[in-house]
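The values are calculated or read from the model by the stated rules, or taken from the named source; none is laboratory data. All of these numbers come straight from a predicted model, not from anything done at the bench. As a convention, Cβ positions derive from the backbone with ideal geometry for all residues, glycine included, and neighbour counts pool all protein chains shown. Remember, those area values only see protein heavy atoms, side chains included, never the ligands or the DNA or RNA. Shrake-Rupley method; radii C 1.70, N 1.55, O 1.52, S 1.80 Å.
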Amino acid sequence: MADDDLEARPPRVLPQVPRWQSLRNSLKLAADPIGALGAIHARYGDTARLYIGGVQPSVLTRDPGLVQHVLQKNHRNYAKSAFTRGFSRYIGHGLLTNDGPDWLRQRRLVQPGFHRQRVAGLAGLMQEIVADALGPLARQAAQNGGAVAVPAHALMTRLTFRIIARSVFSTSFAEAELDRLARLLTEIQAFFVGTIRQPYLNWWRRLRGRFRYHDALTAELRALLGRYIAQRQAASAAPGAPAPPPDDLLQMLLDARYEDSGEPMAPARVLDEALILLVAGHETSANALTWLLYLLARHPAEARAIQAETAAVLGPRAPTFADLPRLGRALYAVQETMRLYPPAWMVDRVALADDDYEGLRIPKGTLFSLYLYGLHHDPRHWDEPAEFRPARFAPDAPRPLAPFAYAPFGGGPRLCVGLQFALTEMQLVAVELLRKFEVEWPAGQPPVAGQPLITLRPRGDFDVRLRLR
Ligand code: HEM
């Protein structure tokens, strides 16, 4: 298009959800965000202005082109929002909460720790932890007529926390300390979400000392991790250190050197980045795996297809990292699960300067709510989007035409740094679980709804029955 055509084109005006309606919607939004946002898109189209909680102006979009513009094409103009920055009070200034040149410097340092080869090195550890979790369940099932009912979210939360904690910190924490760490993280996050969702209660929280209490929990969390990091540093610096340090993600952070100065990270930064890995790498994978269990229990034919492929490729042996490319069915099931239930269901950004997207004027300060769940459920990109069909992700299946119609790990330079780690972990769990068990849906248990908090988790836990094969 010629420049004067562009100039002649009138600016696009976005539909505005009226403030009174946003206010009325804010209760609906708190109770059922996915239903409420779906209704807004149905009425106002792919992109609309609304007031979050009736007060905060925001642009909600499920337009893949606009999502790509914000996350990738003009990413330099978009920073994390105040919501995310507020989280750093509790989880520090690591990759997830950082921005600008400092983020880039840190990202360059941390990213090599997640390359394929490093993840391959962690796959054995992942498998040990999966075996430790499934072994006792197999024994219980054997004593119980061949099957055991387990709460899916609790199982996956414990499993993924152990995987990420041991990948970062090896075997250094005792079981009781790991449980304490997990409890601290859960409590702190739940509190933070509350302060964002119901900000009008913050005066009450302050009055009751809830902020002080959670600041103290944060201090305890940092002290716990800090003590361990200092011990590790002291051990590797000691003359004639007895054994090589463990090959874990913490060691990667300690050994990394800035390109420009050749210096290592300051200890407080190592702590920030290690803590971010625990936070970012835990709940997301736990929720994806919980939904995977849910879907496999409700679609036994898909579980059988994974079992058949696994038997054909592996015979009776356990998978190694090198086998994973030949175990595609498990991977497609994981990918399709994250389409239906993207753990990061909404990503936010704020415009640093005025911008333009296809005639849409974006003033400095615009807050974007990039609605990944909406993208993944749009019938223009996905045939029968509510159906669980892992074969959509087979290499010969048609792909959606819009590049950002599927973005469970985000996109652009801030694409999830743990993508390869997470896919490996989830594929291994799926294969190992289905090698040992049939996954059954207990008769009479109602279907499970999603509860979108920071991540999309199930509303309450649910059981699956694991039957020994
Ligand atoms: C199913 C699992 C996971 C999902 C769905 C997921 C999703 C995402 C998404 C959508 C982002 C981008 C957020 C944004 O742009 O604002 C992100 C960033 C990030 N993720 Fe993940 N993630 C997963 C697992 C992991 C794991 C296992 C780790 C670590 C081991 C991890 C570490 C991170 C970090 C550090 C960032 C920030 C990257 C940056 O901004 O440079 N994630 N993740």
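Computed quantities for the displayed model
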quantity	calculated
Range of Cα positions in the range 285-420 per principal axis (Å), largest first	59, 30, 27
q = 0.25, 0.27 Å⁻¹, the range 333-396: log10 I(q)/I(0) [Debye, one scatterer per Cα]	-1.00, -1.10
Ranked order, HIS381, HIS41, HIS93 - accessible area, probe 1.4 Å, largest first	HIS93, HIS381, HIS41
Mean residue ellipticity (222 nm) of the chain, computed from DSSP H runs ≥ 4 via -39,500 (n - 2.57), nearest 500	-17000 deg cm²/dmol
Enclosed volume per residue, in Å³, of the convex hull spanned by Cα atoms of the range 61-152	208
Exposed-site-free run, longest, the chain (rule: GluC sites (Glu not before Pro); DSSP loop; at most 13 other C-beta within 10 Å)	1-258
Kirkwood hydrodynamic radius of the range 176-235, Cα pairs, Å	12.8
Kirkwood Rh in Å, taken over all unlike Cα pairs in the chain	23.9
Loop-located chymotrypsin sites (Phe, Trp or Tyr not before Pro) in the range 214-297, at most 15 other Cβ atoms within 10 Å (DSSP)	TYR258
Scattering profile of the range 346-438 at q = 0.15, 0.17 Å⁻¹ [log10 I(q)/I(0), Debye over alpha-carbon scatterers]	-0.84, -1.00
Solvent-accessible heavy-atom area per residue, rounded to whole Å², over the chain at 1.4 Å	46
Kyte-Doolittle at least 0.0, axis length at least 30 Å by Cα - qualifying DSSP helices, the chain	116-143, 175-197
Where ASP215, ASP272 fall by accessible area, highest first, once all protein chains stay in place (1.4 Å)	ASP215, ASP272
For the range 55-80 versus the range 262-297, the gap between their alpha-carbon centres in whole angstrom	24
Portion, in percent, of the accessible area of the chain that falls on carbon or sulfur, probe 1.4 Å	57
23 Å Cα-Cα reach of LYS364 towards lysines, excluding residues that sit fewer than 8 places from it in its own chain	LYS73, LYS80
